[in-house]
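Where a number appears in this text, it was derived from the coordinates with a stated rule and is not lab data. Note that the coordinates shown come from a computational prediction; the quantities given were computed from them, not determined experimentally.
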Amino acid sequence: MNNKRSKGNIGENLACQFLKKQGYKIIERNFYSRVGEIDIIAQDDDTLVFVEVKTRWSKRFGTAAESVTPWKLKSIIKTAQYYKLLHPELPESLRIDVVAVDNSENQPKIEVIKNVST
């Protein structure tokens with residue numbers, strides 16, 4: 001599997017399955033705007049959650065969670081604010097989570113890091 005996007009889709013699919021098991025309601029996937037993109041938009045109880053999915057196939061360049069940069073967080077925040085303007089009916093409480101998918105072993109390891117923007 002050489003295609004970076006295909007590998008990313010595998011990670012996003014695993015993340016969605018995992019989040020659903022955790023009680024999240026998936027609202028939208030791959031939201032794009034001029035300011036950025038958000039992998040998954042979900043609702044966790046009364047909170048609107050913007051999820052960045054990072055997938056790693058080896059540990060050569062660090063962990064998946066380590067690859068979320070401050071610049072990427074700024075982009076997610078701007079995109080999330082825009083999304084919320086388009087959907088005022090959704091919960092007011094907002095949060096950014098990162099789902100780190102480690103596929104370097106036989107069994108994928110999935111971790112949710114909640115509220116990374118604070």
For the chain, the Rg and Dmax computed from alpha carbons only, in angstrom:
13.9, 43
The ³J(HN,Hα) series, computed from each phi in segment 77-84 with the Karplus coefficients 6.51, -1.76 and 1.60 at θ = phi - 60°, rounded to the nearest Hz and given as x for glycine or proline, is 4, 4, 5, 5, 4, 5, 4, 5
Suppose the chain between residue 37 and residue 22 were pulled fully straight at 0.36 nm per residue; how much longer would it get relative to their current alpha carbon spacing?
3.1 nm
Quick one: angle between helix 4-21 and the longest Cα principal axis of the chain, in degrees between 0 and 90, rounded to 10, please.
60
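Can you tell me how much longer the chain between residue 9 and residue 84 gets when fully stretched, taken as 0.36 nm per residue apart minus their C-alpha distance, in nm with one decimal? Intermediate results must be reported in sequence, preceding the final value.
Details: separation 75, 0.36 × 75 = 27.00 nm, distance 2.44 nm.
Stretched out fully, the residue 9 to residue 84 stretch lengthens by 24.6 nm.
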Return the sequence-ordered ³J(HN,Hα) values of segment 46-63 in whole Hz as given by the Karplus equation 6.51 cos²θ - 1.76 cosθ + 1.60 applied to θ = phi - 60°, using x for Gly and Pro.
9, 10, 7, 10, 9, 10, 9, 9, 10, 10, 10, 9, 8, 9, 4, 10, x, 7
Would you mind calculating the relative contact order of segment 4-113 from Cα pairs under 8 angstrom and at least 6 residues apart, reporting the percent as a whole number?
27
Residue by residue through segment 97-107, which ³J(HN,Hα) values in whole Hz follow from phi under the Karplus form 6.51 cos²θ - 1.76 cosθ + 1.60 (θ = phi - 60°), with glycine and proline marked x?
10, 10, 10, 9, 10, 9, 9, 7, 10, 5, 10
